[in-house]
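Worksheet: the structure to be examined is printed underneath.
The values are calculated or read from the model by the stated rules, or taken from the named source; none is laboratory data. Note that the coordinates shown come from a computational prediction; the quantities given were computed from them, not determined experimentally. For neighbour counting, all protein chains shown are included, and Cβ atoms are generated from backbone atoms with ideal geometry for every residue, glycine included.
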Amino acid sequence: MTTDVNATSSENTRKSRSASVRTIPDEGRVFVFDTTLRDGEQSPGCSMNLDEKVQIARVLEEMKIDIIEAGFPIASNGDFEAVREVARVVKNSTVAGLARCNKADIERAWEALREAESPRIHTFLSTSPLHMKFKLQMEPEDVRQSVIDHVGYARNLCDNVEWSPEDGTRTEHDFLCRCVESAIKAGATTINIPDTVGYTVPEEFHALISMLMNRVPNIDKAVISVHCHNDLGLAVANSLAAVHAGARQVECTINGIGERAGNAALEEIVMALRTRSDALPYDTAVESEHITRASHLVSTITGFQVQPNKAIVGANAFAHESGIHQDGVLKNAETYEIMTPESVGLNKSTLVMGKHSGRHAFKAKLEELGYTLGDNAFQDAFKRFKDLADKKKDVYDEDIVALVDDEVVRVKDRVKLVSIDVIAGTKQPQTATVELDIDGEIREGASDGDGPIDAIFQSIKKAVGVNPHLQLFQINAVTHGTDAQAEVTVRLEENGKTVNGQGADTDTLVAAAKAYIHALNKLAVKREKSEPEAMSA
């Protein structure tokens with residue numbers, strides 16, 4: 001459906017947009033543009049449904065993220081609906097939608113964003129010689145004219161327009177300057193310079209941003225943004241170098257997820273600026289105490305586990321095994337910790353949870369961990385906590401996080417586990433019987449297998465009627481001890497589409513079943529998506 005430009009220019013469709021225009025920030029203020037819901041979802045194996053995107057968006061808003069890029073509305077009806085719902089529920093952050101430089105994309109993005117309190121259309125077009133010749137098959141002047149035409153078209157619909165020259169770091173400088181100047185003249189309020197393939201290095205990227213600041217005559221009319229990929233492991237370093245050169249918006253994702261090797265990690269950008277304000281005299285509005293919660297939520301929803309040695313949010317980030325380190329930390333934590341665990345939401349436990357803990361203590365623990373649940377969700381979570389406490393002597397914070405995330409994010413899954421029975425051992429074949437709720441209908445599946453896990457997966461496939469290929473099976477303990485919850489990750493592939501699934505339970509076999517079913521639900525989301533070519537970096 002084509003949007004009438006004149007109609008959308010009217011006052012009733014421009015509601016609240018005077019407040020949506022981002023002015024040039026103060027000298028030391030850096031805007032944080034989170035693209036977990038868009039570029040993060042382009043990670044192989046990662047899919048999020050509407051409810052999951054809204055859950056993450058709410059947490060990002062609580063963190064005071066400046067701009068939330070909610071998706072690529074023209075990619076699929078599911079993506080369009082997710083962007084529209086995020087635009088409706090988010091009130092305090094700008095909500096952006098991605099669009100290629102063509103009218104259909106831009107109109108679809110605006111249709112999804114128009115109810116936002118603070119909308120932004122983010123449009124892009126490749127500018128490097130390689131991309132223009134082989135991907136676009138366009139001459140440079142035709143590319144520049146397309147930038148002018150489509151940025152102007154987007155600005156007719158929305159006062160807040162961002163433009164990105166895809167593969168910007170491999171674009172010839174003279175042409176890049178001309179395109180940036182033209183985009184700003186056409187109405188772009190933010191110019192984003194992407195390192196699409198993670199090719200640049202910090203000194204080179206600093207020089208590129210400095211060059212634009214010095215050579216583009218109207219550069220002061222727009223916020224300069226950067227979007228760095230991590231192919232060489234330099235995304236965060238490149239982003240910080242760009243900030244030092246004058247960029248005042250950084251595009252990043254929770255846990256650094258994204259295409260190929262991922263994006264600059266939001267938590268690393270924020271904490272680097274906060275911790276090293278002496279060397280980097282800049283700051284963000286992000287409330288970093290929500291970082292750990294956001295990291296756990298994104299990991300659970302996407303099925304992408306955080307590596308233990310990941311900066312800021314990894315399990316070992318504040319762990320000390322060396323005797324020398326332990327001695328130093330006990331005497332003064334600053335000897336080996338350059339930031340406090342509390343600053344990223346890792347609050348030290350003051351309540352020991354167990355089977356005798358009541359509702360009040362459990363609610364206090366949830367609030368301490370950053371969860372606010374409605375009455376029904378709280379009652380369900382408390383029941384699951386009691387069930388877990390009957391199986392475990394001590395319930396750790398990590399157990400509660402796994403319990404709440406594992407269940408709350410699965411509320412609207414189409415396939416749910418009802419029951420599972422397994423026979424295993426050395427004297428008989430390993431067999432499994434599962435009972436599933438599939439769109440409200442109870443189905444059973446039974447099978448033997450090469451071990452109990454294989455039997456479970458074969459039974460689930462029979463009950464659902466699908467046959468995806470298992471690419472990855474991984475088990476981790478949530479905490480220590482023989483009664484620890486197991487956290488299982490599986491990766492499934494079907495017709496070239498890959499998804500990750502995650503499940504947690506004190507019974508490893510049950511956790512495996514949950515993870516496999518989670519992945520099947522992700523595959524259902526993938527089937528609904530038909531992403532167009534030329535996704536932006």
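Quick notes on this structure:
- When residues of the range 259-270 are limited to those that are crowded, with 23+ Cβ neighbours inside 10 Å and not small (Gly, Ala, Ser), the one nearest to Ile67 (Cα to Cα): Leu266
- Selection within the range 67-89 - farther than 20 Å from Phe124 by Cα and either in contact with a strand residue (DSSP E or B) (Cβ under 6 Å, 6 or more places away or on another chain) or of a type in the set (Ser, Thr, Tyr) (or both): Ala82, Val86, Ala87
- Flag if Ile193 is among the β-branched types (Val, Ile, Thr), within 18 Å of Arg100 (Cβ to Cβ) and surrounded by fewer than 23 Cβ atoms within 10 Å (Cβ to Cβ): no
- Residue in the range 295-310 that is among the charged types (D, E, K, R) and touching a residue at least 60 places away in the same chain (Cβ under 8 Å) present: no
- Restricting Ala279, Ala311 to those that are outside the structural domain of Leu472 (by TED's automatic domain parsing) and touching a helix residue (DSSP H, G or I) at 6+ places or on another chain (Cβ under 8 Å) reduces the list to Ala311.
- Listed by first and then second residue, the pairs with beta-carbon distance under 7 Å, at least 6 apart or on different chains, first residue in the range 203-230 and within 19 Å of Phe33 (Cα to Cα), second exposed (fewer than 14 other Cβ atoms within 10 Å of the Cβ) and among the β-branched types (Val, Ile, Thr), are Val223/Ile24.
- The helices (runs of 4 or more DSSP H) falling completely within the range 298-401 that include 3 or more residues that are modelled with pLDDT of 80 or more and within 29 Å of Asn500 (Cβ to Cβ) map to 375-391.
Rundown of residues vs (1) more than 23 Å from His229 (Cα to Cα); (2) touching a residue at least 24 places away in the same chain (Cβ under 8 Å), yes/no style:
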{"residue": "Leu125", "(1), (2)": "no, yes"}
{"residue": "Met132", "(1), (2)": "no, no"}
{"residue": "Ser146", "(1), (2)": "yes, yes"}
{"residue": "Arg155", "(1), (2)": "yes, yes"}
{"residue": "Asn160", "(1), (2)": "yes, yes"}
{"residue": "Asp174", "(1), (2)": "yes, no"}
{"residue": "Arg178", "(1), (2)": "yes, yes"}
{"residue": "Ser182", "(1), (2)": "yes, yes"}
{"residue": "Thr190", "(1), (2)": "no, yes"}
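- Criterion (within 30 Å of the chain's Cα centre (by Cα), under 25 Å from Asn238 (Cβ atoms) and surrounded by 17 or more Cβ atoms within 10 Å (Cβ to Cβ)) met by exactly one of Glu117, Glu111, Glu166: Glu166
- Residues (aliphatic (A, V, I, L, M) and in contact with a Ser or Thr (Cβ under 7 Å, 6 or more places away or on another chain)) located in the range 105-123: Ile106
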